[in-house]
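The values are calculated or read from the model by the stated rules, or taken from the named source; none is laboratory data. This one's a predicted model, so the numbers in the text were calculated from it and none came from an experiment. Positions of Cβ are backbone-derived with ideal geometry, glycine not excepted, and every protein chain shown enters the neighbour counts.
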Amino acid sequence: MSRLLTPEDLYALRLVEDPQISPDGSRVAYVLMAVDREAQEYRRTIWVAPTTGGEPRRYSAGPKDTSPRWSPDGRMLAFVRAPASGTAPKTADDREKGVGKPQIWLLAADGGEARQLTTLRHGAGSPAWSPDGLALAFTAPTGDQDDAEVDDAALQGKHLPRVRTIDRLWYRLEDVGYLYDRRTHVFTVRADGSGVKQLTCGDFDAGEPSWSPDGATLAFTADRSADRWRWPAASVWRMAADGGEPTRLTDEALGCAAPTWSPDGATLAFLANPRRHGVGHTDLYVVPADQPGAQRLLTQDFVPTCADTTLDDMRVAHLHAHLTWSPDGQAIYFLASMRGTTHVYAARPQGNRLPRRVTDGGCRVYGFSLDVAATTLALGVSTPTVPGDLYTQPLAGESAMRSLVEVNAAALAEVELARPEEFAFRGADGWELQGWVVRPPRVGNGEEATVPAVLEIHGGPAAMYGESFMLEFQLLAAHGFAVVYSNPRGSTGYGRIFSGAVINDWGGKDYQDVLAGLDAAIARGGIDANRLGVAGGSYGGFMTNWIVGHSDRFKAAVTMRSVTNMATMFGTSDLGWGLVLDELNATPWEDRERLAGFSPITFVERIHTPLLILHGESDLRCPISEAEQLFAALCYLGRETQLVRFEEQNHDLSRGGHPRSRVIRLRKILDWFERRT
């Protein structure tokens, strides 16, 4: 007999990450993520599964191994190993060798002991094999931390508070921390561990190295523009693989990622967004390797966004952008998101046809790779009832995905999961929008069995809900709630006009869209319209705050990592000035009244809905001060509220925070709605 899902089930769930098929297509290396409940830590190890079926084999010991990359001959795996928590240098020599930092390691593809390849002071990552397999390109942080005396004292077991001296606008980043005193650059190293060479240097960051087919040239991304500390956006560059002066290939008006060479070495494909005034929509471009500035857009009329933007609460972030060329140079494979799904698509580099979808079904493909002969795809796939498993699919014919590894079969066999019911509805301006309702699996549909409902609102707003596993939604459904969610204007996956329609209108027609989706779900039956809750995080937290400041129809609300005051977001968020200027076209000193009109804190006196405020204390994207302002005002007004502060947790608390903090967060949400709806 099945049992109810509980917050503690988070500890039992595992994920397949970063599937990498071997060059000959016979095996797939992947990262298996699991939670060590006793240690309260995430463990990541590398496994290899045969594509013909059979038991996968664990290849690495962990505890934090990621980024497996096959050598061109398939005989070696390079990967990144981060040390166990608490590992720190004890001597100056340890520090110079990068003890306590992630480093690149090598492992024979047939198994055996791994050997460490790099020993850089600040660590290394993003390994990329040269075509001949004799070297790897990689990235590594460079420079000395501000206030070096603090680091010297730490070697002697002493703690000194660091003093930071900052002289640029962009000086920290969510999930990274302070970055003003470090630069990431491109290096190469021979596969035997000798000859480490730094190829790029300067007051800028460089990354994503990609070898030309002949191994003579490296492409990479870097922002060397004068505006890089105000409006960061990388260009595509190329340089000789043994060093020299690089050449910029793309327009500085674009922010580029994932440069990838065509098989003949004549062209680079890459993904890009505008540096300024983007709408969250990513496009695919190509540029001739010998014609700087001649980039060409391939996806002007392509509705999907060329990125994985489907949300779930199981992964810290979407995997790095990834492009793959077919051996004949006639197709570029990439991930794109449309109407709640993410799939692999193929584009023609001539741009004379719209990209075609290669994978299919109600799912989110969150990672993929292709063998050298372009016969088989390895896929990381999630569905509303599958957190993340490994699949393969032949490219030829109409073959469907085939499950290769099911890492949660045993854990999920004990519980009954709900399946979303998709529906269409009309939002503001009569636009047809997409929504879903997840009903409790143990309650029948129809008016004779009405249940309370929670309206969930996604963050971004440049993201989308869709066919991916949401533990929070499943938990609420298991405990008797219907969960209603939709993709209002501002969401990705419906074209650039749709995703840009929220600019200068936060809390306007997007607000109307969200409530129209709820009304449409109620009209379908089975929901008690007098027992409603609302919840959301980030932009969804903004919208939750906005809703309870403009409506009393909800019995309870939960706002998470939210935005409350656009004027303070400008200066306290890691990239707040960009959000406020590009989304709302205002500054606090010139347009205070305009920003007040977009700020939920302005309408706090109207909030009578019991409001639970959840926020990570280390959140740099939406700082804890946003939650503090809202909580202080509601307390002063005598309204029913609670503030739950999660120490050391950042903006990704819900999907990658400390395991115990994530479980407590789920308990708090469930308890708040159970007691009040």
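Residue 571: among the small types (Gly, Ala, Ser), within 30 Å of the chain's Cα centre (by Cα), surrounded by fewer than 16 Cβ atoms within 10 Å (Cβ to Cβ) and not in a loop (DSSP other than H, G, I, E, B), yes or no? Please lay out each step first, then the result.
Details: among the small types (Gly, Ala, Ser): yes; within 30 Å of the chain's Cα centre (by Cα): yes; surrounded by fewer than 16 Cβ atoms within 10 Å (Cβ to Cβ): yes; not in a loop (DSSP other than H, G, I, E, B): yes.
Considered against the rule, which asks whether it is among the small types (Gly, Ala, Ser), within 30 Å of the chain's Cα centre (by Cα), surrounded by fewer than 16 Cβ atoms within 10 Å (Cβ to Cβ) and not in a loop (DSSP other than H, G, I, E, B), residue 571 comes out as yes.
Scan the range 495-533 for residues that are within 21 Å of residue 608 (Cα to Cα) and under 24 Å from the mean Cα position of the chain (by Cα) and jot them down.
The answer is 514, and nothing else.
Just to be sure I understand the filter: pairs with C-beta atoms under 7 Å, separated by 6 or more residues or on different chains, first member in the range 342-370 and farther than 25 Å from residue 70 by Cβ, second member in a loop (DSSP other than H, G, I, E, B) and aromatic (Phe, Trp, Tyr). Which pairs pass?
Final answer for the pair search is 354/302; 355/302.
So if I check each of 549, 536, which one is within 19 Å of residue 605 (Cβ to Cβ) and in contact (Cβ under 8 Å) with a residue 24 or more places away in the chain?
Working: 536 fails: within 19 Å of residue 605 (Cβ to Cβ).
When all the criteria are applied, what remains is 549.
If you take the residues of the range 648-675 that are within 18 Å of residue 538 (Cα to Cα) and more than 19 Å from the chain's Cα centre (by Cα), which of them is surrounded by the fewest Cβ atoms within 10 Å (Cβ to Cβ)?
648
Quick grid of which residues meet (1) over 23 Å from residue 309 (Cα atoms); (2) touching a Pro at 6+ places or on another chain (Cβ under 6 Å):
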| residue | (1), (2) |
| --- | --- |
| 367 | no, yes |
| 378 | no, yes |
| 382 | no, no |
| 391 | no, no |
| 405 | yes, yes |
| 415 | yes, no |
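Condition first: hydroxyl-bearing (Ser, Thr, Tyr), within 29 Å of residue 373 (Cβ to Cβ), outside any strand (DSSP E or B) and modelled with pLDDT of 95 or more. Can you find one or more residues in the range 276-287 that meet it?
yes
Can you confirm whether the range 81-95 contains a residue that is under 26 Å from residue 242 (Cβ atoms) and either out of contact with any strand residue (DSSP E or B) (no Cβ under 6 Å at 6 or more places or on another chain) or crowded, with 18+ Cβ neighbours inside 10 Å (or both)?
Applying the first criterion (under 26 Å from residue 242 (Cβ atoms)) to the range 81-95 yields none.
Checked the range 81-95: no residue is under 26 Å from residue 242 (Cβ atoms) and either out of contact with any strand residue (DSSP E or B) (no Cβ under 6 Å at 6 or more places or on another chain) or crowded, with 18+ Cβ neighbours inside 10 Å (or both).
Just checking: which of the strands (runs of 3 or more DSSP E) contained wholly in the range 402-512 hold 1 or more residues that are of a type in the set (S, T, N, Q) and in contact (Cβ under 8 Å) with a residue 12 or more places away in the chain?
So the answer is 402-405, 432-438, 482-486.
Taking the conditions exactly as written (more than 20 Å from residue 103 (Cβ to Cβ), exposed (fewer than 15 other Cβ atoms within 10 Å of the Cβ) and in the same structural domain as residue 81 (by TED's automatic domain parsing)), does residue 50 satisfy them or not?
yes
Might you check whether a residue that is crowded, with 16+ Cβ neighbours inside 10 Å, among the basic types (Lys, Arg) and out of contact with any Ser or Thr (no Cβ under 6 Å at 6 or more places or on another chain) occurs anywhere in the range 157-176?
no
Of all residues in the range 354-401, how many are more than 22 Å from residue 331 (Cα to Cα), in a strand (DSSP E or B) and polar (S, T, N, Q)?
The qualifying residues number 2.
I'd like the residue in the range 92-133 that is in contact with a helix residue (DSSP H, G or I) (Cβ under 9 Å, 6 or more places away or on another chain) and not in a loop (DSSP other than H, G, I, E, B) and, out of all such residues, is nearest to residue 322 (Cα to Cα).
That would be 95.
Does residue 335 fit the bill of being in the same structural domain as residue 211 (by TED's automatic domain parsing), among the hydrophobic types (A, V, I, L, M, F, W, C) and within 17 Å of residue 375 (Cα to Cα)?
Values: in the same structural domain as residue 211 (by TED's automatic domain parsing): yes; among the hydrophobic types (A, V, I, L, M, F, W, C): yes; within 17 Å of residue 375 (Cα to Cα): no.
The answer is no for residue 335.
Which condition number does residue 650 fail, the rest of (1) part of a loop (DSSP other than H, G, I, E, B); (2) free of Cβ contacts under 8 Å to residues at least 60 places away in the same chain; (3) not aromatic (Phe, Trp, Tyr) being met?
Going through (1) part of a loop (DSSP other than H, G, I, E, B); (2) free of Cβ contacts under 8 Å to residues at least 60 places away in the same chain; (3) not aromatic (Phe, Trp, Tyr) one by one, residue 650 breaks only (2).
Considering only residues that are of a type outside the set (S, T, N, Q) and not in a strand (DSSP E or B), which ones fall in the range 22-47?
23, 24, 25, 37, 38, 39
Are any residues in the range 584-623 within 21 Å of residue 228 (Cβ to Cβ) and surrounded by 23 or more Cβ atoms within 10 Å (Cβ to Cβ), and if so, which ones?
Passing the criteria: none in range.
Inspect all residues belonging to the range 578-595 and state whether any of them is closer than 17 Å to residue 546 by Cβ, aromatic (Phe, Trp, Tyr) and either at pLDDT below 95 or not in a strand (DSSP E or B) (or both).
Scanning the range 578-595, I find no residue that is closer than 17 Å to residue 546 by Cβ, aromatic (Phe, Trp, Tyr) and either at pLDDT below 95 or not in a strand (DSSP E or B) (or both), so the answer is no.
Between a first residue in the range 245-265 that is in the same structural domain as residue 281 (by TED's automatic domain parsing) and a second residue that is among the acidic types (Asp, Glu) and modelled with pLDDT of 95 or more, which pairs have beta carbons less than 7 Å apart while being 6 or more apart in sequence or on different chains?
257/208; 258/208; 259/208; 265/214
Quick check on this structure: which one of 72, 89 is part of a loop (DSSP other than H, G, I, E, B) and under 22 Å from residue 207 (Cα atoms)?
When all the criteria are applied, what remains is 72.
Residue by residue, here is whether (1) of a type in the set (A, V, I, L, M); (2) at pLDDT 95 or above holds:
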position: 291; (1), (2): no, yes
position: 295; (1), (2): no, yes
position: 307; (1), (2): yes, yes
position: 320; (1), (2): no, no
position: 329; (1), (2): no, yes
position: 338; (1), (2): yes, yes
position: 342; (1), (2): no, yes
